[in-house]
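The structure appears below as structure tokens.
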Amino acid sequence: MIPAAGPAALDALFATLNPQQRAAVEHGDGPLLVIAGAGSGKTATLAHRVARLVADGTDPGRLLLLTFSRRAAAEMGRRVERILARLPGRHRPSLPWSGTFHGIGARLLREQAERIGLAPGFTILDREDAADLMGLVRHELGLSGRDSRFPLKATCLAVYSRAVNAEAALEQVLDQAFPWCRTWEAELRALFGAYVEAKQRQQVLDYDDLLLYWAQMMLEPEIAEEIGRRFDHVLVDEYQDTNRLQAAILAGLKPDGRGVTVVGDDAQAIYSFRAATNRNILDFPGLYRPPARVLTLERNYRSTGPILAASNAVIGLAAERYAKELWSDRASAERPQLVTVRDDADQARSIVERILAHREAGVPLKEQAVLFRTAHHSGMLEVELVRRNIPFVKFGGLKFLDSRHVKDLLALLRWIENPRDRVAGFRVLQILPGIGPGIAGRMLDRVAEAFDPAMALAAAAPPPRTAGLWAPFVEMVGRLHRRAAGWPAEMADIRAWYEPHLAEQHEDAAARAADLVQLEQIAAAYPSRERFLTELTLDPPGATSDEAGVPLLDEDYLILSTIHSAKGQEWTAVFVLNVVDGCIPSDMATGSAAEIEEERRLLYVAMTRARDHLALMLPHRFYTHQQAAAGDRYVHAARTRFIPPGLLPLFEETAWPPPPARPALGASNQRAVDIAARLRAIWR
Ligand code: ATP
Ligand code: MG
């Protein structure tokens, strides 16, 4: 334990905080809510509060810190460390219980598994794997062939997930969010029942189960008491985006609210599509007797005055919110820009030009971000960046971990960890030439019943095409099962086995092999196979470069991110793609007034990521492939309804290329547009 710091040292530590922030940091242990707008220092305040608690002598191992992503948890750890480093003679505290609800849930469930009837060796399905399992079950129930209008596996999973996270009846979920699936209620109910059974049989949990089982576990008074007692404080960032299960978990941990601190901004609630509910943050104070203390922060430290004025105006038009106005003393003559461009191709070129100009002016690429509503919106820009040799990292649409070879290796690890995990097993067995779904299925049946998977496989007769490859495979499975090489050395064993298969399947095998070396390095940073799998499945790094100590790109690189994944972050220069109706608000989301309001908050979140420069891009037309009936086509686009004419004076309107300078290259520009269309069609 770290000894308590003297009052003078603490005073110096918190000298930069404003009085409201300081009040939050020094608050005792009654329940506390900090509700405030973007960039007002909520996360910074939380970090200072953690530092204050540690400096006061609280054991860092008794602090439970729940953040929105693993990246945010790591950042919080660094902030706390930086703050405490200013105290003389301090150790570097590690915060062992800092992570996402899902990550912490997975750890607690594994620890308590036997007490609650779970297999301790359970593995976790990511969303894609869960959808695959849903697909398998759907097929087994005969729901896939019978009528092609039956919802697709991803939709089934979305309905299921919504019902679980909102703790709502299926009927209600269908009425409110998936009315077009209403007629399938009985079949969906049967499907979900079978899906739950399949998960239990295979000893796998999907993401939702991590919260569901955790919440259920907290209903067992003895276990809840025991877990709650382990933590003196529970602190939650971004509380506006939690769902009912998460609120139930918090209530189970600390029923009387002692030691609970939550911070958030109702104006930034953007996850209702995953059943998050703003009610959690709004109702928080009233949960306790006496009610929780509520502190607000009004000063924005992040953005310049003009950026803040425009952001405030956009959110000011929201139908309903906890009113709060932010101010900033960061003067600037530069208003946020509304940049009109002709189309996607011009949007990409104009952004690249601006990014390079910023870099010339001393803003590194890492301090610049391009944000978008949907991951595929950045396709054209990605092509332009590659063409111009500008390195970038993309968050929200995962490239690295989605690739087939990386998923193959992870599946192998998962299957070894839990031989009943059928989704993983299917994938692994089918790496071998000659083995298809039928044979794989039969082999997995044998493995599921056996004590030792390698012995079960050794007894199976492989098809002739697989023959020579079978023994080395079975031997490797045996070594992994016995943990012969140990972690992380076994990664090298797996890679050596897999590489020849890679060469057979892919022309660019060398590049893919390099990814696997990278994966091995990432793996080495984790204490065990199980921790590696759990954490990677839960919150995969968008690219390897955000894994501490493993730089993928030494150089500077630009950030590309969905708005959803940009939460809580900030950059000197921010570009927002396609700020037009149809993209923001998305035409997938114009169903209800509530959905439209969420889209408005998304724009607010995007705009408030900027410190000094903000450009909202307005292409005149954009390419759409959402309406199956209408096919792919360009549609005319209009400025987003969230910036009505009355707000225009807060922006500087410009066009690119500037009208007189438009070169007489109509034909070649037209060609670029056609290429854009073709590229999109290929990616679909
Ligand atoms: P968001 O709503 O986007 O999550 P936030 O309210 O969590 O934002 P922070 O990210 O904590 O805000 O802080 C925004 C910026 O303001 C950061 O760069 C932070 O270092 C800075 N900041 C916060 N408080 C102060 C302060 N008292 N003095 C100087 N800078 C501060
Ligand atoms: Mg924050």
Could you list, in sequence order, all residues of segment 636-655 that are open to solvent by less than 30 Å² (accessible area, probe 1.4 Å) and at pLDDT below 95? ALA637
Out of (1) over 30 Å from ILE563 (Cα atoms); (2) under 25 Å from the mean Cα position of the chain (by Cα), the one GLU220 does not meet is (2)
Only one residue in ARG611, ARG621, ARG633 is charged (D, E, K, R), out of contact with any Leu (no Cβ under 8 Å at 6 or more places or on another chain) and at pLDDT 95 or above, so which one is that? ARG611
Would you pick out the residues in segment 212-268 that are aliphatic (A, V, I, L, M) and within 16 Å of ligand 2 (Cβ to nearest atom)? LEU235, VAL236, VAL262, VAL263, ALA267
Segment 85-97, subset modelled with pLDDT of 85 or more and touching a helix residue (DSSP H, G or I) at 6+ places or on another chain (Cβ under 6 Å), residue farthest from ligand 1 (Cβ to nearest atom): PRO96
Verdict on TYR271 being within 16 Å of ligand 2 (Cβ to nearest atom), among the hydroxyl-bearing types (Ser, Thr, Tyr) and at pLDDT 95 or above: no
Unmet criterion (only one of (1) surrounded by 13 or more Cβ atoms within 10 Å (Cβ to Cβ); (2) within 25 Å of MET588 (Cα to Cα); (3) over 23 Å from the mean Cα position of the chain (by Cα); (4) touching a residue at least 12 places away in the same chain (Cβ under 8 Å)) for ALA119: (2)
Right, ARG427: closer than 23 Å to ALA509 by Cβ and modelled with pLDDT under 90 or not? no
Output the residue which, of all residues in segment 23-54 that are assigned to a loop (DSSP other than H, G, I, E, B) and more than 14 Å from ligand 1 (Cβ to nearest atom), is nearest to the chain's Cα centre (by Cα). PRO31
Restricting to segment 252-275, name every residue that is under 17 Å from the mean Cα position of the chain (by Cα), assigned to a helix (DSSP H, G or I) and within 13 Å of ligand 1 (Cβ to nearest atom). GLN268
Looking at segment 288-311, can you tell me whether even one residue there is modelled with pLDDT under 95, of a type in the set (A, V, I, L, M) and in contact with a Leu (Cβ under 6 Å, 6 or more places away or on another chain)? no
Filtering segment 593-616 for residues that are more than 16 Å from ligand 1 (Cβ to nearest atom) and open to solvent by 50 Å² or more (accessible area, probe 1.4 Å) leaves a count of 3
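With the condition kept exactly as written, say whether any residue in segment 95-105 is among the polar types (S, T, N, Q) and either open to solvent by less than 10 Å² (accessible area, probe 1.4 Å) or without any contact (Cβ under 8 Å) to a residue 24 or more places away in the chain (or both). Give the derivation first.
So in segment 95-105, the residues among the polar types (S, T, N, Q) come out as 98, 100.
Then drop every residue that is not either open to solvent by less than 10 Å² (accessible area, probe 1.4 Å) or without any contact (Cβ under 8 Å) to a residue 24 or more places away in the chain (or both), which leaves none.
The answer is no, given that none of the residues of segment 95-105 is among the polar types (S, T, N, Q) and either open to solvent by less than 10 Å² (accessible area, probe 1.4 Å) or without any contact (Cβ under 8 Å) to a residue 24 or more places away in the chain (or both).
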Please work out which residue is nearest to ligand 1 (Cβ to nearest atom), limiting yourself to segment 11-21 and to residues that are surrounded by fewer than 17 Cβ atoms within 10 Å (Cβ to Cβ) and assigned to a helix (DSSP H, G or I). PRO19
Please specify each residue of segment 55-94 satisfying the condition of being open to solvent by 60 Å² or more (accessible area, probe 1.4 Å), closer than 19 Å to ILE249 by Cβ and under 20 Å from the mean Cα position of the chain (by Cα). PHE68
Under the condition of being of a type in the set (D, E, K, R) and modelled with pLDDT of 90 or more, which residue from segment 456-498 is surrounded by the fewest Cβ atoms within 10 Å (Cβ to Cβ)? ARG482
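If the requirement is being in a loop (DSSP other than H, G, I, E, B) and aliphatic (A, V, I, L, M), which of these qualifies: LEU219, LEU188?
Working: LEU188 fails: in a loop (DSSP other than H, G, I, E, B).
Going through LEU219, LEU188 in turn, the sole match is LEU219.
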Can you pull out the residues in segment 32-88 that are among the acidic types (Asp, Glu) and away from ligand 2 (no atom under 14 Å from the Cβ)? ASP56, ASP59, GLU81
Selection count, segment 244-265, where residues are within 30 Å of GLU595 (Cβ to Cβ) and open to solvent by less than 10 Å² (accessible area, probe 1.4 Å): 7
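Tell me, which strands (runs of 3 or more DSSP E) lie completely within segment 277-376 with 1 or more residues that are open to solvent by 20 Å² or more (accessible area, probe 1.4 Å)? Break it down stepwise before answering.
On the way: elements: 293-295, 337-341, 368-372.
Fully inside segment 277-376 and qualifying: 293-295, 337-341.
Do we have LEU410 as assigned by TED's automatic domain parsing to the domain that holds LEU614 and either touching a residue at least 24 places away in the same chain (Cβ under 8 Å) or in a strand (DSSP E or B) (or both) here?
Values: assigned by TED's automatic domain parsing to the domain that holds LEU614: no; either touching a residue at least 24 places away in the same chain (Cβ under 8 Å) or in a strand (DSSP E or B) (or both): yes.
Against the criterion (assigned by TED's automatic domain parsing to the domain that holds LEU614 and either touching a residue at least 24 places away in the same chain (Cβ under 8 Å) or in a strand (DSSP E or B) (or both)), LEU410 does not qualify.
The values are calculated or read from the model by the stated rules, or taken from the named source; none is laboratory data. This structure is a prediction, so every number in the text was calculated from the model and none was measured. Reconstructed Cβ throughout: ideal geometry from the backbone, glycine too, with neighbour counts over all protein chains shown. The area values use the complete protein model at the heavy-atom level, side chains included, leaving out ligands, DNA and RNA. Shrake-Rupley method; radii C 1.70, N 1.55, O 1.52, S 1.80 Å.
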